[in-house]
Amino acid sequence: MKTFIIVLVVLLILFILFIISGIAINKRNLRKDKHDLLNYFKKHKDRLSITIKEDGIDTLTINSNQKFPLASTLKVLIAFNFVKAVTNKRFSINDKVELDELDKFYLPNTDGDAHPRWKKSINNPADVSLMEVAKGMMQFSSNACTDFLINKIGIDTINNSLDALQLDSHDQITYLTPPILMPRYLSDKKKIARQQLESMAIHKYQELSKELFEKMTTDGCNDLKENMLKMLDHKTQLAITKKMPSSTTREYADFMYELGGNLLSEKEKDLFSEIVIGKNIKSEEDAYFWYKGGATMFVLTSALYRKFYGNTIAVSLFIKDDTGGELYWIRNIFNDFVISTALDADFREKVKESLR
């Protein structure tokens, strides 16, 4: 009995020390900044891909042709197709959609509260304009808004645009929300569902995504939403991330540069600027500043374009960590790192010198 008590005390002390150590590490991580992240990149180049393009010339490329899951950065492609559809008068930015229709594609606690924050920002009206839906996709990163627009534009139209845009390495686009329901759809056993997901051919994955999207449209998938989150353990979320559409930083830096060039007319660029994040970031010297980031537990991605005084810069940075551990602190300063690379010439030079 005495030995048992001693063991319990030792275990309790070790547990307390573990908690204290974790708190100390967390506090230290919260103090880290973009310079700490740069030092991390110098040591872990195998985990990142970056392309910096200045005035059309690549000035830094690391693993620039390596494909990474895009996460929400792929929404830039959706926004481009949205602008083109408006220009071609397929629909108007003022067309209305009922908020309930958008909510069909929202799965609670799966998007960092992006969709609820967007609805709160517009005071939860009964219906919204397509312009507000597009802003919900780009400025709040609502996956529900994104899936609605993918369907509105046409998933085949978007995927066909990949060839026209010469995004040769880019995977076909799939709906963003249905994959979260896949494990529950495949099995009520986590391990079996994960194994089926991991071994599923990509065309089967895409077909299932479309099938579940149609199911969400008609009946809301309430049966699949039950116990949905319990199926999303660490390994299953990693399997879903690896099935996401992937591309390279070279393609996205090139794409952003071309968006600021001839892909969009001046009128289309103004509409694009209204939709994306950038107006609250750019300085008076900037003609255009566009930014979109993406994140899962295992990847952080970004695509940026800036035009200032006739000069241009495009930056795309992707990071991956299959453990998810390092991204816990990196995500807090990731956006600042990318935006500073575009805005601060001295920091940009430091990044290039450090990572070459």
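Points to keep in mind about this one:
- Set F289, F318, F334: member being within 21 Å of S142 (Cβ to Cβ) and surrounded by 18 or more Cβ atoms within 10 Å (Cβ to Cβ): F334
- Filtered residues of the range 212-227 (kept if surrounded by fewer than 16 Cβ atoms within 10 Å (Cβ to Cβ) and of a type outside the set (G, A, S)): E214, T217, T218, D219, N222, D223, K225, E226, N227
- Any hit, the range 181-188, residues being closer than 23 Å to Q66 by Cβ and either in contact (Cβ under 8 Å) with a residue 12 or more places away in the chain or not basic (K, R) (or both): no
- Residue count, the range 295-327 (criterion: of a type in the set (K, R) and more than 20 Å from P245 (Cβ to Cβ)): 2
- Of residues in the range 289-342 being in a strand (DSSP E or B), in contact with a strand residue (DSSP E or B) (Cβ under 7 Å, 6 or more places away or on another chain) and of a type in the set (G, A, S), the one farthest from R47 (Cα to Cα): A314
- Single residue of the range 52-76 satisfying the filter (within 12 Å of the chain's Cα centre (by Cα) and not small (G, A, S)) that is surrounded by the fewest Cβ atoms within 10 Å (Cβ to Cβ): P69
- Extreme residue, modelled with the lowest pLDDT, among residues of the range 87-110 that are touching a Ser or Thr at 6+ places or on another chain (Cβ under 8 Å) and among the polar types (S, T, N, Q): T110
- Search result, residues across the range 172-211 that are surrounded by 14 or more Cβ atoms within 10 Å (Cβ to Cβ) and among the hydroxyl-bearing types (S, T, Y): T174, Y175, T177, Y185, S187, Y205, S209
- Of the helices (runs of 4 or more DSSP H) lying entirely inside the range 169-272, those containing at least 2 residues that are closer than 30 Å to A287 by Cβ are 249-259.
- For beta carbons closer than 6 Å, sequence separation of 6+ or different chains, a first residue in the range 85-108 that is in contact (Cβ under 8 Å) with a residue 60 or more places away in the chain and more than 18 Å from A144 (Cβ to Cβ) and a second that is β-branched (V, I, T) and outside any helix (DSSP H, G or I), the qualifying pairs are V86/I93.
- Checking every residue in the range 110-130 against the condition of being part of a loop (DSSP other than H, G, I, E, B), of a type outside the set (D, E, K, R) and under 25 Å from K242 (Cβ atoms) gives at least one match.
- For M256, the test of being within 30 Å of R194 (Cα to Cα), buried (at least 22 other Cβ atoms within 10 Å of the Cβ) and in contact with a Phe, Trp or Tyr (Cβ under 9 Å, 6 or more places away or on another chain) is failed.
- Qualifying residue in the range 293-305 (condition: modelled with pLDDT of 95 or more, among the hydrophobic types (A, V, I, L, M, F, W, C) and within 19 Å of T59 (Cα to Cα)): yes
- Test: residue in the range 130-149 that is assigned by TED's automatic domain parsing to the domain that holds K215, in contact with a helix residue (DSSP H, G or I) (Cβ under 9 Å, 6 or more places away or on another chain), loosely packed, with under 14 Cβ neighbours inside 10 Å and closer than 29 Å to D223 by Cα: no
- The residues listed here are D168, D113; of these, the one that is within 24 Å of L232 (Cα to Cα) and either surrounded by fewer than 19 Cβ atoms within 10 Å (Cβ to Cβ) or modelled with pLDDT of 95 or more (or both) is D113.
The values are calculated or read from the model by the stated rules, or taken from the named source; none is laboratory data. For clarity, every value in this text was computed on a predicted model and none was experimentally measured. Backbone-built Cβ (ideal geometry, glycine too); neighbour counts: all protein chains shown.
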